[in-house]
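In what follows, a structure is listed as structure tokens, so that the remarks can point back to it.
Values in this text are rule-based calculations from the coordinates and carry no lab data. What you see is a predicted model, and the numbers here were worked out from it, not measured in a lab. As a convention, Cβ positions derive from the backbone with ideal geometry for all residues, glycine included, and neighbour counts pool all protein chains shown.
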Amino acid sequence: MKNILDKQNISVIKIIGDGNCLFGCIVQQLHLIKNTKYIFDNNYSFKMSRSKLYDEESDKLRQLSIDWLENNLDFILPTGLTIQQDIEDIITDYGDINSVEDYLIEMRGCRYAGQIELYALSNILKKNISVFTEHEDKYYTIGMGNIYNKSKKDNIYLYHNLMENDDEDEYHYDLLYPKSRCEVISKKKFSELLSRNKPCTRQSS
């Protein structure tokens, strides 16, 4: 995996594994590219402020993504399924969640987020999100439903780790960023951002 990323001149920026790693990646990316505000249909906005705590920004983005899912259950995904149908498929793997409503409630807390939340984020931010999976050594792209933004400027790239241990599979997201642009934030500043994050119980899907 490292060789593939090196060839593409991409660095892995580590994000704390606390159940909010997906949203932490997006927040860190927005800081790096210095975008200040995103608006979706005048109802969903996410304004970056360096005075806010890192964990507050991550949680704000999480709540926005769940708001979007909750209000777009009939949205048709590229798979042909609606968001509601996709969530119904997801909860069959969860022993503690019995309905779409329960899923959305659970996802408002520090629960591991996945592809359906990526679709929500892609629509809210109006950006493609490319995910590099370690077990496949390739990218797959989450676009805005059936309409993909052709511009690659400031696309968001994530690294999805599938780390196996003795008890269970651990799922985690880190941020991928071009090495040529990594100098825009110092390691000290990045460490300060991470240190502000208050860990919560991390759960795997």
* Would you please give the FRET efficiency between Asn9 and Glu56, computed as 1/(1 + (r/R0)^6) with r the Cβ-Cβ distance and R0 = 41 Å, to the nearest 0.05? => 0.80
* Asked: Roughly what would the spin-label model give for Leu81 and Tyr140, points 7 Å off Cα along C-beta, in nm?
  -> 1.1 nm
* When Tyr177, Tyr140 are ordered from fewest to most other Cβ atoms inside 10 Å of their Cβ, what list results? -> Tyr140, Tyr177
* **Burial ordering of Phe23, Phe75, fewest other beta-carbon atoms within 10 Å first** => Phe75, Phe23
* Asked: Asn71 label point, 7 Å along Cα→Cβ, cut-off 12 Å on backbone N: hits in the stretch 86-130?
  -> 124
* **Ratio of the Cα radius of gyration of the stretch 71-121 to 2.2 N^0.38 Å, where N counts its residues** => 1.07
